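Data first, discussion second: the structure below is written as structure tokens.
The values are calculated or read from the model by the stated rules, or taken from the named source; none is laboratory data. None of these values were measured; they are calculated from a predicted model. Cβ coordinates were reconstructed from backbone atoms using ideal geometry, including for glycine residues, and neighbour counts include every protein chain displayed. Just the protein is used for accessible areas: all its heavy atoms, side chains included, with ligands, DNA and RNA removed. Shrake-Rupley method; radii C 1.70, N 1.55, O 1.52, S 1.80 Å.
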Amino acid sequence: CICFSRFCPVDLVYFVDPETLTQRVLREPKATQLGRQGAFEIWQLVIEAGLCLSHPYAAGVIEVK
């Protein structure tokens, strides 16, 4: 799997084995009540999650020159 990111320099290409990626929760979920409509309550649930490698050597970077 080749990953392109808009936050990385254009001359770098990242590659990773997708079987080694796992999703992890970075911060605990937070629920915020936004309001009520009749008998219904409206809630917002915010969870910060990220992808982590289970094997650090399963990914790499190619620098294009």
By residue number, the members of the stretch 1-25 that are at pLDDT below 75, closer than 18 Å to P56 by Cβ and open to solvent by 70 Å² or more (accessible area, probe 1.4 Å) are C1
Inside the stretch 27-45, can you point out the residues that are surrounded by fewer than 10 Cβ atoms within 10 Å (Cβ to Cβ) and of a type in the set (V, I, T)? T32
Considering only the stretch 1-58, give the strands (runs of 3 or more DSSP E) lying wholly within it that have at least 1 residues that are aliphatic (A, V, I, L, M) and under 13 Å from the mean Cα position of the chain (by Cα). 21-37, 40-53
